Amino acid sequence: MDTDRAFRGRRVVLGVSGGIAAYKAVELCRRMVDAGAHVAPVLTEDATRFVGALTFSALASEPAQTSLFNVDASSGGSPIPHTRLGQSADVIVIAPATARLIGKYAAGISDDLLTATLLATRAPVVIAPAMHTEMWEHPAVQENLVTLRRRGVHIVDPESGRLAGGDVGEGRLAAPERIMDAVADILTRSGDLAGVRLLVSAGGTREAIDPVRFIGNRSSGKMGHAVAAQAAGRGASVTLVTTAPDTAPAGVDIVSVVSAQSMHDEIVGRFDATDVVVMAAAVADFRPKVVAGDKLKKAAGAPEIVLEPTPDILAELGAAKRGQVLVGFAAETVDIVAHAREKLTRKNADLLVANDVSAPDAGFEVDTNRAILLDSSGASEETPLLTKAALADVILDRVAALLGRAPTNPDQEIP
Ligand code: C5P
């Protein structure tokens, strides 16, 4: 990755909280400025006990700020510096992030300039925690990190090594090059789907047998929800049609559905006003032909349930598409590539994501996945085992390329 290209001309708010690793943020600030970024440092009061604001002011693109209430040159004369900083940032990087900062951010507390800026932004946020091993491993900190991750915050995990006071263990701030790489990666992607209207389906449909029973499948919706979350983070306007609305990510429009028919109706009705459809849902292929009005009684004996096909949503969209990019999924257990290729052609999709759902670490319910991506040119690409969020980004990279989208960096060519 070309780090300089990712940073050039981008606005970075560099938040520094009060830990011994605060001195390392000085190096980070210098590297970001050298890479061409406009860096606005924001220090918590405690951070200034470790490093002087003047040090950052001397190196950064604008004076370091430490207070919500300083209406002077350091705040650009703004009486509300947190909204100016939050709204204008392309990314907010917190390094080091102390346990306290993480706790406040997870709880939505905004009692100083840095935490207020974090709530006043829609920009991606990267946090690099640093603290003693006991604090890092404490369930309160780990649970707060789970909350932040779920909200789409990027965490650059600390490393093992020497800590303050001569201790050794996990909790040391990640090396500056790791933080730089993580931020560059996010800057390269952020905004490349701006203005794109993206419809994602997720979860397994339920086909009613009677008022209490249904035919279903093991899909959790995690893969589709990851696509929706990552696409929103990249600037797309996302509608998520899901059977698992309770676990849907923030920042997307959610349409709750249950059956293949309701999913069909919600998606087909929106298709004309959509640029990309990602059909990550596990849609039932068959449903009971007749749904009993009352609960079937055991005493009546084993029922004979006659099935009929459900509408094939992806195939219908493939036949109707007028320039939209269509992405399908193929959950397979045998002959994965052959089945996926046949589906790609039959459903007239532009990209098919095939995975082996019999593998224990890929497919249904787990947080990781491994896939083979097939496109209509005949090319195929196999990914390593990835988190579903990371696989979502790989899929969205391909979608961006199919749309002819360049990354937001003005001088970066279309791949
Ligand atoms: O044919 P199969 O169910 O394996 O195809 C999988 C792909 O087709 C997935 O993208 C799924 O969301 C979509 N599909 C659909 N409507 C159906 C069945 C599957 O859109 N009735």
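Before moving on, here are some points about what is shown:
- Leu402-Glu27 FRET efficiency (beta carbon distance; Förster radius 30 Å; 0.05 resolution): 0.15
- The amide H of Ile209, built 1.01 Å from its N in the peptide plane, has Phe214, Ile215 as neighbours under 5 Å, considering only residues 5 or more places off or on other chains.
- The reciprocal of the average 1/r between distinct C-alpha atoms defines the Kirkwood hydrodynamic radius, which for the stretch 40-179 equals 15.6 Å.
- Rounded to whole numbers, the Karplus 3J(HN,Hα) couplings from phi for the stretch 149-157 are 4, 4, 7, x, 6, 8, 10, 9, 4 Hz, using 6.51 cos²θ - 1.76 cosθ + 1.60 with θ = phi - 60°, and x at Gly and Pro.
- Cα convex hull volume per residue for the stretch 1-101 (Å³): 95 Å³
- Beta bridges per DSSP with both ends in the stretch 3-189, % antiparallel, nearest 5: 20 percent
- Centroid-to-centroid separation of the stretch 173-226 and the stretch 383-407 [C-alpha atoms, Å]: 11 Å
- In order through the stretch 382-394: 3J(HN,Hα) via Karplus (6.51 cos²θ - 1.76 cosθ + 1.60), integer Hz, x for Gly, Pro: 9, 8, x, 5, 10, 5, 5, 5, 5, 5, 4, 5, 4
- Relative contact order, percent, the chain [alpha-carbon distance under 8 Å, six or more residues apart]: 11 percent
- Accessible surface of Arg30, taken over heavy atoms with a 1.4 Å probe and every protein chain present, rounds to 90 Å².
- Amide N proximity, the stretch 118-138 versus Arg49 label position 7 Å along Cα-to-Cβ, cut-off under 20 Å: 129-136
- Solvent-free Debye scattering, log10 I(q)/I(0), computed from the Cα coordinates of the stretch 197-402 at q = 0.09, 0.18 Å⁻¹: -0.34, -1.27
- Relative contact order (%) - criterion: Cα under 8 Å, at least six apart; region: the stretch 197-402: 20 percent
- Pairs of Cα atoms nearer than 8 Å and 6+ residues apart set the relative contact order; for the stretch 256-372 it is 22 percent.
- Cα→Cβ-extended label distance, 7 Å offset, between Asp246 and Val306, nm: 3.6 nm
- Subtracting the Cα-Cα distance of Val337 and Phe286 from their residue separation scaled by 0.36 nm leaves 16.0 nm.
- Within the accessible area of the chain, the carbon and sulfur atoms contribute 52%, probe 1.4 Å, all protein chains present.
- Cα point-scatterer Debye curve for the chain, base-10 log of I(q)/I(0) at q = 0.06, 0.08, 0.12 Å⁻¹: -0.30, -0.51, -0.98
- Pairwise centroid distance, computed over Cα atoms, of the stretch 273-319 with the stretch 21-69, Å: 57 Å
- Derived scalar couplings between HN and Hα for the stretch 179-193 equal 5, 4, 5, 5, 5, 4, 4, 5, 5, 5, 7, 5, x, 6, 10 Hz in order, rounded to whole Hz, by the Karplus curve 6.51 cos²θ - 1.76 cosθ + 1.60 (θ = phi - 60°), x for Gly and Pro.
- For the chain: lysine pairs under 30 Å (alpha-carbon distance), excluding those fewer than 8 apart on one chain: 18
- Kirkwood's formula applied to the C-alpha pairs of the stretch 352-402 gives a hydrodynamic radius of 11.2 angstrom.
- Residue ranges 300-312, 52-64 sort as 52-64, 300-312 when ordered by packing (mean number of other C-beta atoms within 10 Å per residue, highest first).
- By the Stokes-Einstein formula, at 1.306 mPa s and 10 °C, the stretch 281-415 with its Kirkwood radius over alpha-carbon pairs has D equal to 91 µm²/s.
The values are calculated or read from the model by the stated rules, or taken from the named source; none is laboratory data. Since we're looking at a predicted model, the values are computed, not measured. A quick note on method: Cβ atoms are made from the backbone with ideal geometry, for glycine too, and the neighbour counts reach across all protein chains shown. Protein only, heavy atoms only, side chains kept; ligands, DNA and RNA dropped before computing areas. Shrake-Rupley method; radii C 1.70, N 1.55, O 1.52, S 1.80 Å.
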